[in-house]
1. Output the residue which, of all residues in the stretch 192-246 that are charged (D, E, K, R) and at pLDDT 95 or above, is farthest from L373 (Cα to Cα).
2. Q17 fails exactly one of the following numbered conditions: (1) open to solvent by less than 30 Å² (accessible area, probe 1.4 Å); (2) farther than 26 Å from G92 by Cβ; (3) polar (S, T, N, Q). What is the number of that condition?
3. Could you list, in sequence order, all residues of the stretch 15-33 that are aliphatic (A, V, I, L, M) and in contact with an Asp or Glu (Cβ under 7 Å, 6 or more places away or on another chain)?
4. May I ask you to list pairs of residues, at least six apart or on different chains, whose Cβ atoms are under 7 Å apart, with the first in the stretch 334-356 being at negative phi and the second being among the basic types (K, R)?
5. Here is a check on your reading of the model: is I273 touching a Pro at 6+ places or on another chain (Cβ under 9 Å), closer than 30 Å to F18 by Cβ and of a type outside the set (F, W, Y)?
6. Taking the stretch 117-136 on its own, how many of its residues are open to solvent by 40 Å² or more (accessible area, probe 1.4 Å) and either within 16 Å of the ligand (Cβ to nearest atom) or farther than 27 Å from L94 by Cα (or both)?
7. Which residue out of S99, S10 is in contact (Cβ under 8 Å) with a residue 60 or more places away in the chain and among the polar types (S, T, N, Q)?
Amino acid sequence: MVKVAKFGGSSVASAEQFKKVKNIVGLDDARRFVVVSAVGKANKEDNKVTDLLYLCYAHTKYNINFDNIFKIIEDKFIGIKEELGLNFDIEGELAKLKSEIGKGIDEEYLVSRGEYLTGLLMAEYLDYHFVDAKDLIFYNYQGEIDFPKTQEAFDKIVREYDRVLIPGFYGSLPNGEVKIMTRGGGDVSGAIIANIANAKVYENWTDVSGILMADPRIISNPHEIKVISYSELRELSYMGASVLHEEAIFPVRDKDIPIQIKNTNAPHVEGTIISDNKEIGDKQIVTGIAGKKDFSIITIKKHHMANEVGLIARTLKIFEDFNVSIEHIPSGIDSFSVVVETSNIRPFIYELVAKIKSVIKPDEINVTHDISLIATVGENMKNSKGLSGRLFKALGEAGVNIALISQTNDEINIIVGVHNSDYEKTINTIYQEFK
Ligand code: ASP
């Protein structure tokens, strides 16, 4: 049995964290493939090496001395090396990097050095074979992962080595240049490796004991979700719950590999399992609640609209021409609304409304700002009658006015739109009802 264990930045932020990683990896022989992020924040005030590397690059671009920032990076790596008594010549690597920066360096290559150097230190510490991600994770020129090529490289490596450490967050293009992923991409690297290793489970080690049912800034001590499906997680992430990089789902979903979110600082806590396998555990009716503030609703009223073919399509075309992405389109007989993020229309709201007036000739057009959307997500909602009744009754009793309701046909998600000032109250009311 093979497990891929990915450790995020806070799990490798200090020598003390390195020790925890070693302990975790040593507890289970199946953890043969380890992926690491770059040294992250050791505490709230601290900085991530990745951010510092971006900062170095920005300094060189404007010809500003970056010595002080680079020194912070050096201190972090050298501190870890010394405290753990490692041999790797990190000082030499850092000196080389610094001179390369001075001569003008590719930004992606520079930023990838965070995981590269963290990986080299961790590989020595765990006694795992280090594989540079540029020799394992291959992209094509369209920016997609070249799975056959990546698989071939992986198969060759495992014929020779039993335990391998791979830095996350980057790979290489066909011409050999380093390509980095979007921020938090170490999660994606781990998922790709879980896919090509046919792992039994993809463990994602972080600093929280799983995914919470609601935002802890709003609900104190919310329950941890034990099991969540890939689709539920996507719905919650889209609505602002952030635990895992969005793209990390696809490589493992393809092969039905569960993702287990685990806490490096509390390794015995079960954590959250992300899987579509219904046998893995019992799920609640409502899996999670998430929301976002600051949407606008543009409501268009036109008598006998139902008889006018193509009216909604023509309206949406106007939004497309303004390059605005649409969240929801609730509709009635003589009116319909378009819900968008306010920030996406703010610069040209008057032009947009004027255009709708001239093309659609509505009887009335209203724009309401300061709307929050709150999603109540759960696949089991499908089979439970009266659930939306409970939800709306609870909100009614709490005195929340609902401006909009949207539910998709698969019934995995009920979205309510409320005034921004009711955002916290709405989440709290739904949580108390379904926790
Ligand atoms: N180090 C990168 C970042 O901070 C990638 C990662 O941590 O997964 O975004």
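1. Per the stated criteria, the residue is K200.
2. (2)
3. A15
4. D334/K301; D334/K302; S335/K301
5. yes
6. 1
7. Residue meeting the stated conditions: S10.
Residues checked against (1) within 16 Å of the ligand (Cβ to nearest atom); (2) more than 24 Å from P251 (Cα to Cα); (3) surrounded by fewer than 17 Cβ atoms within 10 Å (Cβ to Cβ):
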site: I90; (1), (2), (3): no, yes, no
site: K96; (1), (2), (3): no, yes, yes
site: E100; (1), (2), (3): no, yes, yes
site: F138; (1), (2), (3): no, no, no
site: G143; (1), (2), (3): no, no, yes
site: R159; (1), (2), (3): no, no, yes
site: V164; (1), (2), (3): no, no, no
site: Y170; (1), (2), (3): yes, no, no
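The values are calculated or read from the model by the stated rules, or taken from the named source; none is laboratory data. Computed from a predicted model, the values in this text were never measured in an experiment. Cβ sites come from the backbone with ideal geometry, for glycine too, and all protein chains shown count toward neighbours. Calculation scope for accessible area: heavy atoms of the full protein, side chains included, ligands and nucleic acids excluded. Shrake-Rupley method; radii C 1.70, N 1.55, O 1.52, S 1.80 Å.
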